[in-house]
Amino acid sequence: MRKYYITEKISRYEIGNPIETEAVINKGDKNYPGDFKYFNIEIGNEINLNYKMNKDDKVYGLGQNMRGINKRGYIYESFCSDDPCHTPEKKSLYGAHNFFIIEGSNTFGMFIDFPSKVTFDVGYNVRSNFHINIEGTDTNIYIIEGESLKEIVHEFLKIIGKSYVPPKWAFGYIQSRWGYKTGNEVEEIANKFIEKGIPLDGICLDLDYMDDYKDFSLSEERFSDFSSLNKRLKENGIKIIPIIDAGVKIEEGYDIYEEGIRGNYFAVDKNNNPFVAAVWPGKVHFPDFLNKDARLWFGRKYKGLIDNGVEGFWNDMNEPAIFYSEGGIEEAYRNIDELKKLELNVDSFFKLMDTVNNLKNNVNDYKSFYHKTENGLVNHYDVHNIYGYNMTKAASEGFDTIDENKRFLLFSRASYIGAHRYGGIWTGDNSSWWEHIVLNMKMMPSLNMCGFLYSGADTCGFGSNIDPELAIRWNQLSIFTPLYRNHSALGTKDQEPFAFDLEVEKIIKNTIRFRYAIIPYLYSEFMKAVNNSDMFIKQLGIEYQDKLSKEVEDQLLIGDSIMIAPIYEPNKRGRYVYTPEDMLLWKVKDHTSKDFEIIKKGHNYIDIDINEFSVFIRKNKMLVLGEPAQSTKDINSETLNIIAFVENEAEYTLYDDDGISNDYKKGINSSIDITISVDRDKHNINAVNKGNLEVKRLNVTIITGEGKIISDVVNL
Ligand code: MIG
């Protein structure tokens, strides 16, 4: 084991000869002596780590996983899995995010940079023991120390590099459904949004737009005028966002397949032949995303759709999901033949069932193919968790070759830390269950902690049928997540905002319009979080140090100014809310609502009707809003509205940039510094415009500590 110095607070421990994942951009190269800290480490055929947890220790992080914000009490496996049924006992979802923080008698963070399976038993088998198993002998482990959770996260986000930033329009509402089959149908959906005045910035295309599920192809029949469709929709601010799957269909004459064969761009089996698996297109080969040339080749293929006017994509099935492999099927048939020879009884029946069920996403399949990396042939199993990551990277690098200064929307299903620099993620196939709005809420801060700032769940749920009240409550949560996409599975009940009765439609419409009104705030806070290496969505315990704030898991901080307390149970017309300090409650029916109330520090029951949701403005902070618009391109920022809760002084920097280019990376942006102070009957507003030409006027509503409401207008 070698120890490297990165900063005073961060050390890297290198064990064996680890595979380079590029998760960390600053690995430190100064070797210095020192023992492994906190965890007891045993290095044998595998690596095992043990830590004795104090009874009050809390464990945060691990990104995309089931259960709560505090991960204690369960066991999690980092192994990217295509499992569409997110029931509570599941141990793996689509992402592998091996960063966590223990807060308690020792407070420190740890990142296990290992691209295959890692198991985190956080006091599941032995309540006080945190056991980590790394299935291998070569890894990098980072230990991050700091005074607070906030500092540790910040230090970690710094070494893994800045988050991907989507175009600003990707903060608009996106409609999706597996089952929009034709260009006409897509246009009808778009027109409905426009007619009904419901804002919309994107429509996702699922598998059906392709010809026979062939990547980068277009069904002539169903999408004959694709480029003019893009053009017409974009006139109304609506972008088409096609899906791209990892597997490439095996078919003579299909250009992508043939190029892949010619260039040796596919992952291979043990005989060095392209590995064959079956997914949606039938038999496919998997692009070898761990190979630089293959990555470049695949990345450039996005150009065809981009030339037709596409500006965003979602990458699916990149764990990679495997329905079955040739070898797997052969073996299953052999087993079945054997079983046939036996008498059918309960025992052989279950063996038959297992044989069939084990076909999908079988570990043996993952062990039976290889990647041609710079360091030679690597078995897929050993790098399983960075396959999807490298598909995201391929797409992102491809976009750079097309237009280096343009931002494209990109979100992936599978991911690993490092992928956050190249794209966002959605959280996969959840269900239209109340349990999954809870999961959505609790997962967001953990994802942010692991670097995935641009993320969100399938709003209203993917599988199962939605009920109207859940649809309302889910929209009321998703308006605060950067990726706000409503998506559902083939054959499920419609869940577009207008799929319900008129009353529900109106509530959801007002909710989406509210989202558009707070885009100036969300974008400003998101960009500041990216630029400063901070979280955008946080649990209370990041900002507040009192005991209760550390325990609250059903309220979240969105940026620096506001807290939300979503309703996540059916038939609730209110809920308990813990306020760690005095806060201003804004009950929102729509963005013009004027229902303000100061909520004292402590425990409160807050009435919230079905047609409203709550926003809590923190003490001495402010929220900046614009006006809703049909799409982000129509947002008029001449007048902004500010709601400030000011006991004595509140300061805010409103960040903005062009929203489409990568100039922000060079520090090209604009901002307005706003200071509001209140002293008895006097108030003072100071706004310094640093280059934001669009904003001309600020309509300021100040609610003072005593509950006095002051309105003022500032011209810039
Ligand atoms: O096997 O493309 O998570 O969003 O609608 C299912 C069809 C494949 C899984 C994705 C989901 C998408 C679906 N895909």
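The values are calculated or read from the model by the stated rules, or taken from the named source; none is laboratory data. Here the structure is a predicted model, which is why all the values come from computation and not from measurement. Note that we place each Cβ from the backbone using ideal geometry, even for glycine, and neighbour counts take in every protein chain shown. The area values use the complete protein model at the heavy-atom level, side chains included, leaving out ligands, DNA and RNA. Shrake-Rupley method; radii C 1.70, N 1.55, O 1.52, S 1.80 Å.
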### Query
Where in segment 518-550 does the amide nitrogen come within less than 19 Å of the point 7 Å from the Cα of LYS572, taken along Cα to Cβ?
538-541, 548-550
### Task
Anything over 21 Å Cα to Cα? Flag those among LYS181/LYS283; LYS270/LYS393; LYS601/LYS708; LYS150/LYS619, in the order listed.
LYS181/LYS283; LYS270/LYS393
### Query
So how much accessible area does TYR324 have, in Å² to the nearest 10, using a 1.4 Å probe?
80
### Message
Sort GLU338, GLU543 by heavy-atom solvent-accessible area, probe 1.4 angstrom, most to least.
### Response
GLU338, GLU543
### Query
Which value in deg cm²/dmol, rounded to the nearest 500, describes the helix-derived mean residue ellipticity at 222 nm for the chain, given -39,500 (n - 2.57) per DSSP H run of n ≥ 4 and division by the residue count?
-7500 deg cm²/dmol
### Task
Across segment 4-140, how many lysine pairs, 8 or more positions apart or on different chains, have C-alpha atoms separated by under 13 Å? Please give the number.
6
### Message
Can you give me the distance in nm between label points at LYS90 and GLU647, each placed 7 Å from the Cα along the Cα-to-Cβ direction?
### Response
4.3
### Task
Mind checking which of VAL646, HIS683, VAL713 is farthest towards the positive end of segment 624-716's charge dipole, using Cβ charges of +1 (Lys, Arg) and -1 (Asp, Glu) about the Cα centre?
VAL713
#### Entry: the chain: relative contact order as a whole-number percent, Cα under 8 Å and 6+ apart
12
### Cα pair distances exceeding 48 angstrom across the chain, given as percent
16
### Message
Let me check I've understood the local charge: for ASN611, count other residues with C-beta under 14 angstrom from its C-beta, Lys and Arg +1, Asp and Glu -1. What total comes out?
### Response
-1
### Message
Taking the alpha-carbon distance from LYS509 and a cut-off under 13 Å, which aspartates and glutamates remain once sequence neighbours fewer than 8 residues away in the same chain are dropped?
### Response
GLU195, GLU496, ASP501, ASP590, GLU612
### Message
I need to check one value: relative contact order of segment 2-160, counting alpha carbon pairs closer than 8 Å and at least 6 residues apart, in percent.
### Response
29
### Query
Once label points are set 7 Å from the Cα along Cα→Cβ at both VAL688 and ILE660, what is their separation, rounded to one decimal in nm?
3.1
## Note on the structure
Residue-normalised value, i.e. accessible area per residue, for segment 2-160 at 1.4 Å probe, in Å², stands at 38
### Query
By DSSP, what percent of the beta bridges with both residues in the chain are antiparallel, rounded to the nearest 5?
80
### Message
As I understand it, the value is the acute angle between the Cα axis of helix 387-402 and the longest principal axis of the Cα atoms of the chain; what does it come to in degrees, rounded to 10?
### Response
70
### Query
Given H placed 1.01 Å from N in the peptide plane, which residues other than close sequence neighbours of CYS204 have an amide H under 5 Å from its amide H?
GLN175, SER176, ARG177, ILE241
### Dipole magnitude of segment 2-160, debye to nearest 20 (Cβ charges: Lys/Arg +1, Asp/Glu -1, about Cα centre)
400
### Query
Of all the accessible heavy-atom surface of segment 2-160, with the other protein chains kept in place and a 1.4 Å probe, what percent is carbon and sulfur?
44
### Query
Which aspartates and glutamates have a Cα less than 13 Å from the Cα of LYS696, not counting those fewer than 8 places away in the same chain?
GLU638
### Task
Please give every one of the lysines within straight-line cross-link reach of LYS340, meaning a C-alpha to C-alpha distance under 21 Å, and leave out same-chain neighbours fewer than 8 residues apart.
LYS351
### Message
Using DSSP to call loops (not H, G, I, E or B), can you name the trypsin sites (Lys or Arg not before Pro) in segment 189-228 whose Cβ has at most 12 other Cβ atoms within 10 angstrom?
### Response
none
### Task
May I ask you to give the percent of accessible area on segment 207-317 that is carbon plus sulfur, with a probe radius of 1.4 Å?
40
### Query
To the nearest 10 degrees, how steeply does helix 519-532 sit against the main Cα axis of the chain, on a 0 to 90 scale?
60
### Residue-count net charge about ILE141 - beta-carbon cut-off 9 Å; Lys, Arg +1, Asp, Glu -1
-1
### Message
What does the charge count around ALA457 come to, taking other residues whose C-beta lies under 14 Å from its C-beta (Lys +1, Arg +1, Asp -1, Glu -1)?
### Response
+1
### Task
Taking all protein chains together and a probe of 1.4 Å, list GLU155, GLU649 from the most accessible to the least accessible.
GLU649, GLU155
